[in-house]
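This report concerns only the one structure given below.
The values are calculated or read from the model by the stated rules, or taken from the named source; none is laboratory data. Values in this document were obtained by computation on a predicted structure and should not be read as measured data. Reconstructed Cβ throughout: ideal geometry from the backbone, glycine too, with neighbour counts over all protein chains shown.
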Ligand code: AMP
Ligand code: ZN
Ligand code: FE
Ligand code: FE
């Protein structure tokens, strides 16, 4: 019995609609998924309806982009068990999405200055919800500027790419306060992406725990066995929940499969049960 608590749909930068995603979850034999689109809740109602139809539990989630506490880097936090109308978080997302619009225009400008004949309209037309770099990557692929999505990121769009533009991000304290207020379960996503030593990661996690962090995504597509073990140990040390997810995006991340990641990912349903127990102990709905 397995689950996947980190997935994306066309409500942000995934390529399956929420319904298709849930149907696919059923096909690959998952008990439950969390839909965790970037900066939006738009896909959740559809995913939940599909969950009822196909017999897959759908956890209402989203993925937030935050500054690191030192203000230098970025990190992602998953919010799970979102209430029906998280007004406070919606307001934060409105601010973030306004920043995304500016950023997307800046990326277009940079690319055009570098000789790439791309338009904002063509990129935006690829998105049904939140417009992000994967939509740029798809457009560049179809223009023949790159020969793979990966090349689009490594040469142009990624953190060290020629047309990189940083994203408007929430501050950790601000974000955790909101997540605590709305009663969401907060999970530090893909901790390896912090790009820190285990000791520095541990220090950050202690700090986030103080702000209200509930768990760590120790099981993740890009984590090695050693990474998973180290992050599970860290979770235990800090009394945090362990979460797991593939970060499935469909064909924009063709090497990642729903539930199984790069092939060997295995996320036991028991982790979700423990999350629910911890919520019930706090008087939060499950
Ligand atoms: P954005 O939210 O616009 O900054 O875009 C971030 C998204 O780009 C994340 O969801 C990643 O899944 C995706 N991404 C980052 N690097 C790569 C890559 N090398 N290949 C495919 N997708 C990527
Ligand atoms: Zn994404
Ligand atoms: Fe992420
Ligand atoms: Fe993600």
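Annotation note: Cβ proximity below 9 Å between a residue of the range 11-36 that is more than 20 Å from residue 133 (Cβ to Cβ) and free of Cβ contacts under 8 Å to residues at least 24 places away in the same chain and a residue that is part of a loop (DSSP other than H, G, I, E, B) and within 16 Å of ligand 2 (Cβ to nearest atom) (sequence gap 6+ or interchain) occurs for 20/9; 20/10; 27/258.
The test for being touching a strand residue (DSSP E or B) at 6+ places or on another chain (Cβ under 9 Å), buried (at least 22 other Cβ atoms within 10 Å of the Cβ) and under 16 Å from residue 221 (Cβ atoms) does not hold for residue 2. Scanning the range 126-157 for residues that are within 22 Å of the chain's Cα centre (by Cα), touching a residue at least 12 places away in the same chain (Cβ under 8 Å) and farther than 22 Å from residue 11 by Cβ yields a single hit, 156. Within the range 255-286, being surrounded by 14 or more Cβ atoms within 10 Å (Cβ to Cβ), more than 21 Å from residue 22 (Cβ to Cβ) and in contact (Cβ under 8 Å) with a residue 40 or more places away in the chain holds for 278, 279, 284.
Answer yes or no as to whether residue 67 is closer than 26 Å to residue 1 by Cα, surrounded by fewer than 22 Cβ atoms within 10 Å (Cβ to Cβ) and in contact (Cβ under 8 Å) with a residue 12 or more places away in the chain. For residue 67, the condition - closer than 26 Å to residue 1 by Cα, surrounded by fewer than 22 Cβ atoms within 10 Å (Cβ to Cβ) and in contact (Cβ under 8 Å) with a residue 12 or more places away in the chain - is not met. Can we say residue 225 is touching a strand residue (DSSP E or B) at 6+ places or on another chain (Cβ under 9 Å) and surrounded by fewer than 16 Cβ atoms within 10 Å (Cβ to Cβ)? Here the answer is no, as residue 225 does not meet what is asked. Of all residues in the range 255-286, those being assigned to a loop (DSSP other than H, G, I, E, B) and over 26 Å from residue 226 (Cβ atoms) number 5.
Rundown of residues vs (1) over 19 Å from residue 39 (Cβ atoms); (2) within 16 Å of ligand 2 (Cβ to nearest atom), yes/no style:
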| site | (1), (2) |
| --- | --- |
| 146 | yes, no |
| 150 | yes, yes |
| 155 | yes, no |
| 159 | no, yes |
| 162 | yes, no |
| 169 | no, yes |
| 176 | no, no |
| 181 | no, no |
| 189 | no, yes |
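Somewhere in the range 28-35, is a residue in contact with a helix residue (DSSP H, G or I) (Cβ under 8 Å, 6 or more places away or on another chain) and surrounded by fewer than 21 Cβ atoms within 10 Å (Cβ to Cβ)? Yes, there is a match, as at least one residue in the range 28-35 is in contact with a helix residue (DSSP H, G or I) (Cβ under 8 Å, 6 or more places away or on another chain) and surrounded by fewer than 21 Cβ atoms within 10 Å (Cβ to Cβ). If the condition is being modelled with pLDDT of 95 or more and more than 23 Å from residue 134 (Cβ to Cβ), then the range 60-81 contributes only 81. The lone criterion from (1) more than 18 Å from the chain's Cα centre (by Cα); (2) within 16 Å of residue 4 (Cα to Cα); (3) in contact (Cβ under 8 Å) with a residue 60 or more places away in the chain left unmet by residue 248 is number (1).
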